[in-house]
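Contents: one structure, followed by commentary.
The values are calculated or read from the model by the stated rules, or taken from the named source; none is laboratory data. What you see is a predicted model, and the numbers here were worked out from it, not measured in a lab. So basically every Cβ, Gly included, is an ideal-geometry build from the backbone, and we count neighbours across all protein chains shown.
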Amino acid sequence: MKDFGFNDILYALQHVRGGIPIQRLTSRIRLGEHGSRFFGPSYNLFDIKEFDPEIDPPNMIVDIPGGDEDIIYARRCIEDHEAKINFLIDLSSSIDTGIHSNKRRMVLEAIGFVGATGIRYQDPVGLIGFADRIILNLKPKSGKMNFYHLLSVVYDFLEKSNPDDKKNIVRTTNFFAALDFIRRNFDRPCVIPVISDFLDFEKVLESSLFRLVASRHEMMFIFIDEPEIYKTSRGFGYVKVRDVETGRITSVSRRKLSVIEKEARNKRTNLRRELRKIGIHSVVLEYGKHLKRLQRFFLARRKSGRYTGR
């Protein structure tokens, strides 16, 4: 993409300290592990560190011969995680809109932010990209190189779909196709970060299909927003607005743009309120503020006390 390269995305990678906070714990027993009433669960020993009473259970304390007598040591271990992270990414033409490809960059950096945390804490990371059909289906895998490959596949797809090229086929959004794919293919519960602008999602919210998927998996909604689109078009006269998913062009009074923006924000606020009622938390990203908002979002989830770190 002309406004940024793939290396720019890699340089911006951050992670969530302490891992992705999740609410639902796995109930399935993994083969090769054991639990003990006295010694606790089994882990793979990785290192020895100073004991932190806020995050380390007492059964991790260990005596170190020759160690500092004033320091309490604990085992640092690698856990085998059962929950997988499966992104659900809206790759419709609406993601191509915006100034300097900011919406595209926010999508990639949001994937990088959450995915980098997954690989740091040994979580398998996968991705489903959709528009009116399933476009990308990248199975969950662990490891840094696998995640970089996943991120590069999304980048390459967006790079090829040049919004200025009139020969490109318009890609509409079909959440029902994406949710039905999850219902049919995701047998075990997983964490699903959904990234989209969620335009006209209200009809999806009331569907039994969405309620079924949301009850089985832990979903979090990441809204992609770019208010600069409205600000640059303000003034006098009329402006031509093209619906990127239908191709229809309409003339809109510049004075009405602020009203349209206010209505869109009210709809989004109501949507987020309804999502919260069924246990789905969300965050709205604006370019330049998106990484800080993601940090605060996951920090708030952990501080709520109902979530466990990964």
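Key figures
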| item | result |
| --- | --- |
| Candidates 228, 206 - the one that is modelled with pLDDT under 70, of a type in the set (D, E, K, R) and either out of contact with any Gly (no Cβ under 6 Å at 6 or more places or on another chain) or in the same structural domain as residue 124 (by TED's automatic domain parsing) (or both) | 228 |
| Hits in the stretch 171-220 (condition: assigned to a strand (DSSP E or B) and under 24 Å from residue 94 (Cβ atoms)) | 192, 193, 194, 195, 196, 219, 220 |
| The stretch 124-134 - residue that is modelled with pLDDT under 95 and over 17 Å from residue 222 (Cβ atoms) and, of those, surrounded by the fewest Cβ atoms within 10 Å (Cβ to Cβ) | 133 |
| Condition check for residue 117: among the β-branched types (Val, Ile, Thr), modelled with pLDDT of 80 or more and outside any strand (DSSP E or B) | yes |
| Subset of the stretch 91-114 that is at pLDDT 80 or above and among the charged types (D, E, K, R) - its residue that is surrounded by the fewest Cβ atoms within 10 Å (Cβ to Cβ) | 105 |
| Set 88, 31, 25: member being of a type outside the set (Lys, Arg) and at pLDDT 75 or above | 88 |
| Residue match in the stretch 184-201 (condition: at pLDDT below 90, more than 28 Å from residue 124 (Cα to Cα) and touching a helix residue (DSSP H, G or I) at 6+ places or on another chain (Cβ under 6 Å)) | no |
| Where residue 146 falls short, out of the listed (1) in a helix (DSSP H, G or I); (2) touching a Gly at 6+ places or on another chain (Cβ under 6 Å) | (2) |
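For every residue, the table says whether it meets (1) without any contact (Cβ under 8 Å) to a residue 40 or more places away in the chain; (2) within 28 Å of residue 209 (Cα to Cα).
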site: 124; (1), (2): no, yes
site: 134; (1), (2): no, yes
site: 142; (1), (2): yes, no
site: 154; (1), (2): no, yes
site: 159; (1), (2): no, no
site: 171; (1), (2): no, yes
site: 176; (1), (2): yes, yes
site: 182; (1), (2): no, yes
site: 191; (1), (2): no, yes
